[in-house]
Amino acid sequence: MKTAISLKLNGKQRSVEVEPNDVLLDVLREKLGVKSPKKGCDRGDCGTCTVFFNGRTVRSCLVLAIEADGGEIVTLEGVSNSGPTKLQKSFVKHSSFQCGFCAPGIVLSATELLRKNPKPRREEIKEALAGNLCRCTGYTPIIEAIEDAAK
């Protein structure tokens, strides 16, 4: 039995019909056309599906779409809707990513960290990224980019 939900997605009000067991990640990608959150592990371990939900990062593969009814979702597209952010420019400067599969989740996790703590220590950065897996570059250029953006 489908249910209509309404949510604010990247600043725009959207409505969509969902099944009771639809997860937010699938609805974002398949029904609403947002492509930055990726399906990685499909169990909340890798962080590639990270989005902001009512201002906090969540793993969208673990959230039922119906839970987002009346809420606000911001994806990487919404964070960078007016061009690359200072943080994203720092990631490019430090060649932090190769394939980029993990990038949206890491960018959102780092964005949340810098909003809460504009001058994090290295250990705080590592803690904030603990739920995000990168298989290409390792974490040194990612951490260095976040440190540089925080300067």
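The values are calculated or read from the model by the stated rules, or taken from the named source; none is laboratory data. Predicted, not measured: the structure shown is a model, and the values here were computed from it. Note: ideal-geometry Cβ built from the backbone for every residue, glycine included; neighbour counts use all protein chains shown.
Here are a few things to note about the model shown:
- Some residue of segment 112-119 being surrounded by 20 or more Cβ atoms within 10 Å (Cβ to Cβ), polar (S, T, N, Q) and over 30 Å from Ser15 (Cβ atoms): no
- Condition check for Ser90: of a type in the set (Gly, Ala, Ser), at pLDDT 95 or above, closer than 18 Å to Tyr139 by Cα and touching an Asp or Glu at 6+ places or on another chain (Cβ under 8 Å): yes
- The residues of segment 97-138 that are farther than 15 Å from Thr48 by Cβ, part of a loop (DSSP other than H, G, I, E, B), in contact with a helix residue (DSSP H, G or I) (Cβ under 9 Å, 6 or more places away or on another chain) and touching a residue at least 12 places away in the same chain (Cβ under 8 Å) amount to a single one, Pro120.
- Residue count, segment 99-127 (criterion: among the polar types (S, T, N, Q) and farther than 22 Å from Gly44 by Cα): 1
- Set Val27, Val34, Val74, Val51: member being in contact (Cβ under 8 Å) with a residue 12 or more places away in the chain and touching a Leu at 6+ places or on another chain (Cβ under 6 Å): Val34
- One residue from Ser60, Ser82 being among the polar types (S, T, N, Q) and at pLDDT below 95: Ser82
- Meets criteria (at pLDDT 95 or above, within 16 Å of the chain's Cα centre (by Cα), of a type in the set (Asp, Glu) and within 27 Å of Cys136 (Cβ to Cβ)) for Glu112: yes
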